[in-house]
There are 2 protein chains.
Amino acid sequence: MTKGKIRIVPLGGLGEVGKNMMVVEYNDDILIVDVGVMFPDDEMFGVDLVIPDASYLADKKHRIRGILITHGHEDHVGGLPYILPMLNFPPLFATRLTQGLIQVKLKEHRMLDKVAINVISPEVSLQLGECGVEFFRVNHSIPDAVGIVIRTPLGTVVHTGDYKFDYTPIDGKPADLGTLGRLGNEGVLLMLGDSTRVESPGYTPSERVINDSLDKIFANAPGRVIVATFASLISRVQQVVDTAERYERFVALTGRSMINNVQMAIELGYLRVPKGMLIRAEDINKFNPEQIVVICTGSQGEPTSALTRIANQDHRLIRIQEGDTVILSATPVPGNEKMVHRTINNLFKQGADVLYQGLSNVHVSGHAAQEELKLMLSLVRPKFFMPIHGEYRQLILHAKLAYSLGIAEENIVVAEDGDVIEVSPERIDLVDHVTSGNVYVDGLSVGDVGQIVLRDRKVLSQDGILMAVLTVDKETGAPIAGPDIVTRGFVYMRDAEELLANARERVVASLSNLNGHSSDWSFVKDKIKSTLSEYLYEKTRRRPMILPVVMEV
Amino acid sequence: MTKGKIRIVPLGGLGEVGKNMMVVEYNDDILIVDVGVMFPDDEMFGVDLVIPDASYLADKKHRIRGILITHGHEDHVGGLPYILPMLNFPPLFATRLTQGLIQVKLKEHRMLDKVAINVISPEVSLQLGECGVEFFRVNHSIPDAVGIVIRTPLGTVVHTGDYKFDYTPIDGKPADLGTLGRLGNEGVLLMLGDSTRVESPGYTPSERVINDSLDKIFANAPGRVIVATFASLISRVQQVVDTAERYERFVALTGRSMINNVQMAIELGYLRVPKGMLIRAEDINKFNPEQIVVICTGSQGEPTSALTRIANQDHRLIRIQEGDTVILSATPVPGNEKMVHRTINNLFKQGADVLYQGLSNVHVSGHAAQEELKLMLSLVRPKFFMPIHGEYRQLILHAKLAYSLGIAEENIVVAEDGDVIEVSPERIDLVDHVTSGNVYVDGLSVGDVGQIVLRDRKVLSQDGILMAVLTVDKETGAPIAGPDIVTRGFVYMRDAEELLANARERVVASLSNLNGHSSDWSFVKDKIKSTLSEYLYEKTRRRPMILPVVMEV
């Protein structure tokens, strides 16, 4: 690599929402910011999780000085259990709550003893190789979120992490405007800025506006109040707890991740719950309905979550009853709308009153809207700018916004995963492209589900499969048994006896007409395939996967 | 059936968005309002279309006096080619443009000569059996939309259709407030009201607000302007044409349904295009970019639509070039967000400037928001009210809104598809439930894809399929050939040779241990299935469909 240059290599999160992972190199030193997961989209049939392809780092493990984590959300830490082993477990650096969340995750994967997680805070600074590293507090929808300052000998790189500016946050810790101003005064070479909410004009409202809505809802709720939100949204949990205290209600928790996160947040001092307020979900029926608040997971309508089970009358302990008020304190992540709507419909059907974003002011975003993005750029005043964390349109819009604030066009780079960006004090250039992309986690295995398997799953999902099984004489090639036709997901076999009998006839006819190819099995299979494919499409306009199996005896 | 009662039987559109179909009965007379389709959701693997289950009407065909159509959208007319033959082609009643759209559809299905479509207008009234029928003009996102008045001897039933109130519509024809007021004054027994947009406060803005946005965009566009919208949104096409005229641009069309609809709308007088303005898409390169507007399909990111092809560099005639401005004049239908975002990202990547709802004011809804719903209820002042057209939560919210306007709780019925509602001058009751639901259209066949086929497709889509094929001696049951293991969509076979070899071993072992069941094939198959299922889950945490095939020779 060129000496005396900074290289920026995004391996995830640029051109997509999720699996954030950024490589920052200065000469021999490599720092990594975040190692996230992404949740599979509709086209990734059967995939559980998606992690970044980190093969770029395979021959550079010895140069990795550390992994810096901005905050504890899945799209920033969820890839660690899969990627850490590939990188020989480099040291991690994270704030206290983030460390706690990572520990829970590493414990589940039985690798807690293999990883050193160093707790950092906005007050500390590190020296990692030739680079100094500092942190600054930002607001986000989880406590203890930070942005990162990497001081290279060539200049300072600022990575904002996910952020918004909340002047009146629930935890009383606003973003560190002073540090950002000082950095801007000192001079910043390159800023990498969160683009998630660039399509929204104005400011993201303070978390505090939720207080008024909760207050109004609690004041009018005739029975129990059930609040679903993200398990990591500790500040929202705090607001519900505070409101419950004002209205003299007890709080029960349900949903594994909600219980775990709340417990940890209390232990680490990120959540204040009055003594005696928390009750077990098993005990809620010992109280009057108007004494109860339930905080649960399921705000995204996830099929096995607590709220979805409640909505489907499938929860171990909680059934909707007359007078229940349910609050979905979250917005659907794109792609989850239908699941969320299904949950809301079912809750209404059970007789609950349901309040959700749009109807009622029960959620605010964790990301900066346009005016906050402008504020960040105006404080940091970087020479070079690179939008991160967003789909391509969001990166472009963020670039345009930076341009509108006076950053020169040639000083802004819109890059995607795998692009290699070189930065010198004079210029920024997109110089190369390295391997990057999606690695699929499906069940126990990482990476063995590739394009062929996914393509097959897609074909199977559309029109199912039809098999033609045939036993032939090894010597003569003459059919001995079959062809048997078996199908799944194509037609209901009992309803389609005639179609399948005719299909069988076609196979028999095509076999009697092989012109001496009778022992060339790949030829025979192709023949069966094309015969069936043509016939079935003509009759049904469907294209099931067709799988001929020939056994020799 | 009870004499002297009105029966209302919704067969589609209540508890869901789409496939609207409402049966209104008075004694022996049956009137049907709308026969729509629904587009399949993610769980309906491989299904092309969903139509209502109309089996309730199978033994009542002779009582059907007519099918009344409110407007020409797919979710109101798309089911006709499938349902009409089941009902022996009863007469249709529709406004002029709606008739034109239905004719195009019936022609495609080669049944134009079998159906009588009577053209109606808000000025005509019909007598169908014992019921009088009238129509009133409403505003919607397609011209020539009407609501329906059915005058039974027991009282008047008003069906709003899909509607909004636009005081300054593009076609100059506002909703018929006078008629609605008169109906209210005369007394309406039952109103069935569109609930689609009940979650939105305030008023839906007039279509006219789009003019200002288009004007601003055209004024600043350095090159071509490409506008994608719904092919049926004739008023939007009119606005684009009018703006093109002001800016002296020629208009080209692309996308089959856009070309067909525009042509018909011009012929029937619903669209005014200045002479010489329309050019062929083949000819756009003969003009300067700033002389060109393209109007196309694809505002929902549909994979084979014109805009998606343009975004993917896959369009026969049009490639994005420097200076192009693309407008998506529509909002994503829930479920289509990801496809729309993908299209926008790709357009930005090709270098276009892209404007879409949220960034710019380029679309308004076709449905009434809360204040308009209140206006409709306040004009019609029905004794009984039944919300229609919406998911369950929307029906409930619409019912609550009606209650807040003073309609008594016992006079409001929230019903779903298949419910039977009886109405007398004194009371409204949900009295019965009949067969209703989804009938799936997949390829050429209607209805043969049922729950079993869909469930199989779902399993196949998640973890694929694994077959174990075995040839045995008919007499002794001894294995002669196999087991052969074949898989698709489970693991990539070349990467998983060891796993599959071991799986094969397990099958062999399980066969050697049959304890005298060796010729009971269903026992053998179950044994193979459970052996493989257990082994594969242990090794991979996946559950492919397992299909043992045993051939006897």
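The values are calculated or read from the model by the stated rules, or taken from the named source; none is laboratory data. Because the structure is a prediction, the values reported are computed rather than measured. Because the Cβ atoms are built from the backbone with ideal geometry, glycine has one as well, and the counts that use them run over all protein chains shown.
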Practice task
Can you work out which of the residues in segment B:492-511 that are surrounded by 15 or more Cβ atoms within 10 Å (Cβ to Cβ) and within 12 Å of chain A (Cβ to nearest Cβ) is nearest to residue A:450 (Cα to Cα)?
Solution key: B:492
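Conditions (1) out of contact with any helix residue (DSSP H, G or I) (no Cβ under 8 Å at 6 or more places or on another chain); (2) at pLDDT 90 or above; (3) assigned to a helix (DSSP H, G or I), marked per residue:
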{"position": "A:420", "(1), (2), (3)": "yes, yes, no"}
{"position": "A:430", "(1), (2), (3)": "yes, yes, no"}
{"position": "A:436", "(1), (2), (3)": "no, yes, no"}
{"position": "A:453", "(1), (2), (3)": "yes, no, yes"}
{"position": "A:461", "(1), (2), (3)": "no, yes, yes"}
{"position": "A:466", "(1), (2), (3)": "no, yes, no"}
{"position": "A:476", "(1), (2), (3)": "yes, no, no"}
{"position": "A:480", "(1), (2), (3)": "yes, no, no"}
{"position": "A:483", "(1), (2), (3)": "no, no, no"}
Exercise for the section: Go through segment A:11-51 and give me each residue that's of a type in the set (Val, Ile, Thr), away from chain B (no Cβ under 13 Å) and assigned to a loop (DSSP other than H, G, I, E, B). Expected result: A:35, A:37
Completion exercise
Residues in segment B:443-458 that are in contact (Cβ under 8 Å) with a residue 12 or more places away in the chain and more than 7 Å from chain A (Cβ to nearest Cβ) total 4
Handout entry: Selection within segment B:393-416 - away from chain A (no Cβ under 13 Å), touching a residue at least 24 places away in the same chain (Cβ under 8 Å) and part of a loop (DSSP other than H, G, I, E, B)
Key = B:405, B:407, B:413
Completion exercise
By residue number, the members of segment A:213-236 that are touching a strand residue (DSSP E or B) at 6+ places or on another chain (Cβ under 6 Å) and within 13 Å of residue A:299 (Cα to Cα) are A:226, A:227, A:228
Practice task
Kindly indicate whether any position in segment B:497-511 is assigned to a loop (DSSP other than H, G, I, E, B), over 24 Å from residue A:440 (Cβ atoms) and either among the aliphatic types (A, V, I, L, M) or in contact (Cβ under 8 Å) with a residue 12 or more places away in the chain (or both).
Solution key: no
Exercise for the section: Check off (1) surrounded by 22 or more Cβ atoms within 10 Å (Cβ to Cβ); (2) in contact with a Lys or Arg (Cβ under 7 Å, 6 or more places away or on another chain); (3) within 20 Å of residue A:372 (Cβ to Cβ) for residue A:131 and give me the number that stays unchecked. Expected result: (3)
Practice task
Out of the residues in segment A:328-345 that are part of a helix (DSSP H, G or I) and either small (Gly, Ala, Ser) or facing chain B (nearest Cβ under 8 Å) (or both), state the one that is nearest to residue A:293 (Cα to Cα).
Solution key: A:344
Fill in the blank from the handout: Checked segment A:459-487 for anything more than 7 Å from chain B (Cβ to nearest Cβ) and buried (at least 17 other Cβ atoms within 10 Å of the Cβ); matches are A:459, A:466, A:468, A:470, A:472, A:477, A:479, A:483, A:485, A:487
Exercise for the section: Restricting attention to strands (runs of 3 or more DSSP E) lying wholly within segment A:216-313, give those where 1 or more residues are farther than 21 Å from residue A:356 by Cβ and among the hydrophobic types (A, V, I, L, M, F, W, C). Expected result: A:250-254
Practice task
For segment B:383-392, name all the residues that are touching a strand residue (DSSP E or B) at 6+ places or on another chain (Cβ under 7 Å) and either within 14 Å of chain A (Cβ to nearest Cβ) or crowded, with 20+ Cβ neighbours inside 10 Å (or both).
Solution key: B:384, B:385, B:386, B:387, B:388, B:389, B:391
Exercise for the section: For residues that are touching a helix residue (DSSP H, G or I) at 6+ places or on another chain (Cβ under 9 Å) and crowded, with 22+ Cβ neighbours inside 10 Å, scanning just segment A:368-378, find the one that is nearest to the other protein chains (Cβ to nearest Cβ). Expected result: A:373
Exercise for the section: Scan (1) away from chain B (no Cβ under 14 Å); (2) in a loop (DSSP other than H, G, I, E, B); (3) in contact with a Ser or Thr (Cβ under 7 Å, 6 or more places away or on another chain) for the single condition residue A:425 breaks and write down its number. Expected result: (3)
Practice task
Give the residue, chosen from A:69, A:51, A:30, that is among the β-branched types (Val, Ile, Thr) and within 22 Å of residue A:444 (Cα to Cα).
Solution key: A:51
Fill in the blank from the handout: If you go through A:415, A:399, the only one that is under 27 Å from residue A:79 (Cα atoms), in contact with a strand residue (DSSP E or B) (Cβ under 6 Å, 6 or more places away or on another chain) and among the small types (Gly, Ala, Ser) is A:415
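Residue by residue, here is whether (1) touching a residue at least 24 places away in the same chain (Cβ under 8 Å); (2) under 30 Å from residue A:148 (Cβ atoms) holds:
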residue: A:300; (1), (2): yes, yes
residue: A:324; (1), (2): yes, no
residue: A:340; (1), (2): yes, no
residue: A:348; (1), (2): no, no
residue: A:365; (1), (2): yes, yes
Practice task
For residues that are within 7 Å of chain B (Cβ to nearest Cβ) and buried (at least 20 other Cβ atoms within 10 Å of the Cβ), tally how many sit in segment A:529-546.
Solution key: 2
Fill in the blank from the handout: Scanning segment A:518-528 residue by residue, those within 14 Å of chain B (Cβ to nearest Cβ) and surrounded by fewer than 17 Cβ atoms within 10 Å (Cβ to Cβ) turn out to be A:521
Exercise for the section: Scan segment B:178-198 for residues that are surrounded by fewer than 21 Cβ atoms within 10 Å (Cβ to Cβ) and either among the β-branched types (Val, Ile, Thr) or touching a Gly at 6+ places or on another chain (Cβ under 8 Å) (or both) and jot them down. Expected result: B:179, B:187, B:189
Problem - Test: residue B:276 is surrounded by fewer than 16 Cβ atoms within 10 Å (Cβ to Cβ) and under 14 Å from residue B:251 (Cβ atoms) - result: yes
Exercise for the section: Mind counting the residues in segment A:388-412 that are over 25 Å from the mean Cα position of the chain (by Cα) and not hydroxyl-bearing (Ser, Thr, Tyr)? Expected result: 11
Exercise for the section: Can you work out which of the residues in segment A:283-316 that are modelled with pLDDT of 95 or more and of a type in the set (Asp, Glu) is farthest from the chain's Cα centre (by Cα)? Expected result: A:290
Practice task
Examine segment A:347-367 for a residue that is in a loop (DSSP other than H, G, I, E, B) and among the basic types (Lys, Arg), and state whether such a residue exists.
Solution key: no
